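K.L.:
Quick one: structure below, then a few questions.
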Amino acid sequence: MKTPPSLPLPLLGGLTATDFLADYWQKRPLLIRNAVPGFICPVTPDELAGLACEAEVESRLILERDGPSPWWVEHGPLAEERFAQLPETHWTLLIQECQKYLPELVQLMEQFDFIPSWRVDDVMASHAPPGGSVGPHLDQYDVFLLQAHGHRRWQISDKKVAPDNFLPDLDLRIMREFEATDEWVLEPGDMLYLPPGLAHYGVALDDCITLSVGFRAPGHGELLGRFVDHVLTGHDPSQRYSDPELTPSKNPGEISPAARQQCRDIIRMLMCEALDDNSTDGFDSWFGQFITETKNEDTVEAPEHTLESAQLVQLFQDHQTLHRSEYARFAYIAREDGVDLFIDGRCFSLSSDLAFAAPLLCNQHHYPFSRFSEKLKAGPDHTAFAHLLTELYNCGYVVTATP
Ligand code: SIN
Ligand code: CO
């Protein structure tokens, strides 16, 4: 198992992960010069344009000036010809979930291993010519903005943003007024961390690529709504409000305190039952499945030919490395009698003798055969672990090559 880094990380400008989390994470911005020394941008503007033409890729083109109206947004897939018609300045191309398409970005994401991976959302790439920007705005989530190519001027504002300080009728939430309280020009390898809710404004100074490692945090409403949906799936609809002790009403128009109390009690009881983790169908299992669901429908592709355990072990030996599919999210929850492994919204309940498999599969993106071989073979037999790995391979969650 990996141990969390305790030495200062260059990525964090010499801070330890502990100090970064205590002093900056979700609290205040941090500029880190040369966070990734010698960083070489893993993608070219042409490759990003190519991705924007793919149907499965989530992309947006934002034109500040030359669209039908200011801050015009076009959603991908874009036609190849679109790129020939673009103006010289003031546009931005955004590509979401680039880690699915660019293996080098998985290494970048691994640098953030001191943060639980269920909190990591994706790596977004933006490409812009001079003047390109998505406008002053704020995001609801933490983000690390790594300058990958060219230069970008970032301004931040620590002023409170009024709810009506946004331009109306746009496909983007852009602030009407933005008063910068700090600014920096980022060079390749520099990185800016921004906590959620902090107003920021990045403008490309030349041909510029920025990589944003974004985090996810479920909204309270989303948590409640999705959990209630889950509770309702197994709910018996014949259970109803009942009042066999009803006495004659003096005020038939009134909803009595007793009636209100009974309804409150029903909701409290249903929630308490559902939140009780002694039930196998309880909150933990639901949460693991919910939080490993992927945002988009495209998701995982099963291999053309399924394998038996012996074939999988042979394939692993031949390739020497297998990989987690970047189309699936992996996480686990330790139980007293084993582990629940969650992949892509599914739960695999593992007994305690297989519990070692969960951190092995979830704490890293690449699986070297040397670290797995002992666990895969037990004498002439293939172990339960080999069967599990085979099942994951047959589902497309474990693959021979990424992406
Ligand atoms: C960009 O890369 O242009 C925008 C990223 C952001 O502001 O979150
Ligand atoms: Co932003």
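The values are calculated or read from the model by the stated rules, or taken from the named source; none is laboratory data. Being a predicted model, the structure only gives us computed values, none of them experimental. So basically every Cβ, Gly included, is an ideal-geometry build from the backbone, and we count neighbours across all protein chains shown. Calculation scope for accessible area: heavy atoms of the full protein, side chains included, ligands and nucleic acids excluded. Shrake-Rupley method; radii C 1.70, N 1.55, O 1.52, S 1.80 Å.
K.L.:
Suppose R0 equals 60 Å; then what is the FRET efficiency for Asp207 and Asn251 from their Cβ-Cβ distance, rounded to the nearest 0.05? Show your work: numbers first, answer last.
P.N.:
Working: r = 74 Å, r/R0 = 1.24.
Taking R0 as 60 Å, the efficiency between Asp207 and Asn251 is 0.20.
K.L.:
Then there is this: Among Tyr101, Gly132, Val339, pick out the residue whose Cα is farthest towards the positive end of the charge dipole of the chain, where Lys and Arg carry +1 and Asp and Glu carry -1 on C-beta, about the Cα centre.
P.N.:
Checked the options; the winner is Val339.
K.L.:
Quick one: Cα centre-to-centre distance for segment 185-212 and segment 343-403, in angstrom?
P.N.:
One Cα centre to the other: 38 Å.
K.L.:
Sticking with this structure for a sec: Sorted by mean Cβ packing within 10 Å, highest first, what order do the peptides 253-263, 169-179 take?
P.N.:
169-179, 253-263
K.L.:
Over the chain, what is the relative contact order in percent, taking alpha-carbon pairs closer than 8 angstrom and at least six residues apart?
P.N.:
Reported as a whole number, the value is 15 percent.
K.L.:
Right, another one. Quick check on packing: order 11-17, 242-248 by the mean number of other C-beta atoms within 10 Å, highest mean leading. The partial results should precede the final answer.
P.N.:
On the way: 11-17: 18.1, 242-248: 7.0.
Going by the mean number of other Cβ atoms within 10 Å, highest first, we get 11-17, 242-248.
K.L.:
Output needed: percent of Cα pairs per 5 Å distance bin for segment 146-281, bins running from 0 to the one holding the longest distance.
P.N.:
P(r) for segment 146-281, in whole percents per bin: 2, 7, 11, 11, 11, 9, 6, 7, 9, 8, 7, 5, 4, 2, 1, 0.
K.L.:
Subtract the Cα-Cα distance of Arg260 and Gln26 from 0.36 nm times their separation in residues, and report this length gain in nm to one decimal.
P.N.:
That works out to 80.3 nm of additional length.
K.L.:
For segment 255-339, with all protein chains present and a 1.4 Å probe, just round the carbon and sulfur fraction of the accessible area to a whole percent.
P.N.:
51
K.L.:
What are the extents of the Cα atoms of segment 309-399 along their three principal axes, in Å, largest first?
P.N.:
If we take the Cα atoms of segment 309-399, the spans are 32, 29, 19 Å.
K.L.:
Would you work out what percent of the accessible area of segment 10-215, with all protein chains in place, is carbon or sulfur (probe 1.4 Å)? Show your work: numbers first, answer last.
P.N.:
Values: 4500 of 9110 Å².
Ligands and nucleic acids excluded, carbon and sulfur reach 49 percent.
K.L.:
How many angstrom lie between the Cα centre of segment 142-176 and the Cα centre of segment 30-88?
P.N.:
The two parts, judged by their Cα centres, are 17 Å apart.
K.L.:
Let me ask something else about it. Note down the magnitude of the dipole of the chain about its Cα centre, charges +1 on Lys and Arg C-beta and -1 on Asp and Glu C-beta and zero elsewhere, to the nearest 20 debye.
P.N.:
About 940 debye.
K.L.:
Shifting gears a bit: Using the crude model of +1 on Lys and Arg Cβ and -1 on Asp and Glu Cβ, and no other charge, please compute the dipole size for segment 149-258 relative to its Cα centre, in debye to 20. Present the calculation step by step, with values, prior to reporting the outcome.
P.N.:
Values: 10 positive and 18 negative charges, 53 e Å.
Around 260 debye, computed over segment 149-258.
K.L.:
Follow-up. Summing +1 for each Lys or Arg and -1 for each Asp or Glu, what net charge is found among the other residues whose Cβ lies under 11 Å from the Cβ of Trp154? Can you show the working numbers first?
P.N.:
Numbers: positive: Arg152, Arg153; negative: Asp182, Glu183, Asp190.
Charge balance in the 11 Å sphere: -1.
K.L.:
Quickly estimate the mean residue ellipticity at 222 nm for the chain, helices only: each DSSP H run with n ≥ 4 gives -39500 (n - 2.57), and the total goes over all residues, rounded to 500.
P.N.:
Rounded to the nearest 500, the figure is -7500 deg cm²/dmol.
K.L.:
With every protein chain present, what is the per residue accessible area of segment 309-399 (1.4 Å probe, Å²)?
P.N.:
With the other protein chains kept in place, segment 309-399 gives 42 Å² per residue.
K.L.:
To continue, here is another question. Roughly what would the spin-label model give for Arg346 and Thr321, points 7 Å off Cα along C-beta, in nm?
P.N.:
For Arg346 paired with Thr321, the spin-label model returns 2.5 nm.
K.L.:
Quick one: if the Förster radius is 35 Å, what FRET efficiency do Asn394 and Asn34 give, using the C-beta to C-beta distance and rounding to 0.05? Spell out each step's value before the answer.
P.N.:
On the way: r = 44 Å, r/R0 = 1.26.
Here the calculated transfer efficiency is 0.20.
K.L.:
OK, next. If you look at just the Cα atoms of the chain, how large are its Rg and its Dmax in Å?
P.N.:
Values for the chain (Cα only, Rg and Dmax): 25.3, 83 Å.
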